[in-house]
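Accompanying notes for the structure given below.
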Amino acid sequence: MLYVDTSVLVALHTQEAKSTDVSRWYAACADELVSAAWCVSEFASALGIKQRTGQIGEAEAQTAWRQFERMCAGDLYLLPVEPATFQRAAILSLAVATGLRAGDSLHLAAALEAKAKGVATLDEVMAKNAKRLKFKFVAF
């Protein structure tokens, strides 16, 4: 089971610097893919930010959203986020030296709760912490 961070999902469904690498990885990936259900809100937020900053237009955002919904319906299992997961994320965030923000802590806590074997992320701080927590790391 491989945990997928929202940064990877955004790069998969919109045009970003690592989109080609992420698409190539996804096409070849045979692992069961999971993410916390909250990635739906985070993905929508990323699309909104991209629209507000002029990176994408409304049509591209709608296309990305539809593709993401199809992925969630077929290739990506969305994990429920329980109160204990939020508590675990808080503990991860309290370790100041890690540099983790709340969202990344929540993703890592969900990956730990799910007993994922690895983490796929484009976020450097999250990647560093995934390695620290002994996850196999997908490099793009």
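Taking all Cα-Cα distances within the chain, those exceeding 28 Å account for 14%. If you take all other residues with their beta carbon under 15 Å from the beta carbon of residue 12, and give Lys and Arg +1 and Asp and Glu -1, the sum is -4. About the centre of its Cα atoms, the chain shows a dipole size close to 420 debye [charges on the beta carbon of Lys, Arg (+1) and Asp, Glu (-1) only; nearest 20 debye].
Quick check for you: with a 1.4 Å probe and neighbouring chains kept, what is the accessible area per residue of region 1-122, in Å²?
Working: 6200 Å² over 122 residues.
Accessible area per residue: 51 Å².
Between helix 58-74 and the chain there is an angle of about 50 degrees, using the helix long axis and the longest principal axis of the Cα atoms. Per-residue Karplus couplings for region 37-50, computed as 6.51 cos²θ - 1.76 cosθ + 1.60 with θ equal to phi - 60°, are listed in order as 4, 5, 5, 5, 5, 5, 5, 4, 4, 4, 5, x, 4, 4 Hz, Gly and Pro entered as x.
When nucleic acids and ligands are ignored and a 1.4 Å probe is applied, residue 71 ends up with an accessible area of around 10 Å². Close amide H contacts of residue 79 (hydrogens built in the peptide plane, cut-off under 5 Å, sequence separation of 5 or more or a different chain): 35, 36, 37.
Take residue 104: with every protein chain present and a 1.4 Å probe, its accessible area is about 10 Å².
Within the accessible area of region 1-135, the carbon and sulfur atoms contribute 56%, probe 1.4 Å, all protein chains present.
Note the count of lysine pairs whose C-alpha atoms are less than 21 angstrom apart in the chain, limited to pairs 8 or more residues apart or on different chains. For the chain, the number of qualifying lysine pairs is 13. Largest mean-square fluctuation among 23, 35, 45, in a Gaussian network model of the chain whose springs join Cα atoms under 10 Å apart, belongs to 45.
Ordered from largest to smallest accessible area (heavy atoms of protein chains, 1.4 Å probe), the residues 3, 77, 26 come out as 77, 26, 3.
The values are calculated or read from the model by the stated rules, or taken from the named source; none is laboratory data. Bear in mind the structure is a predicted one, so any value in this text is a computation, not a measurement. Backbone-built Cβ (ideal geometry, glycine too); neighbour counts: all protein chains shown. Quick note on the areas: whole protein, heavy atoms, side chains included, nothing else; ligands and nucleic acids left out. Shrake-Rupley method; radii C 1.70, N 1.55, O 1.52, S 1.80 Å.
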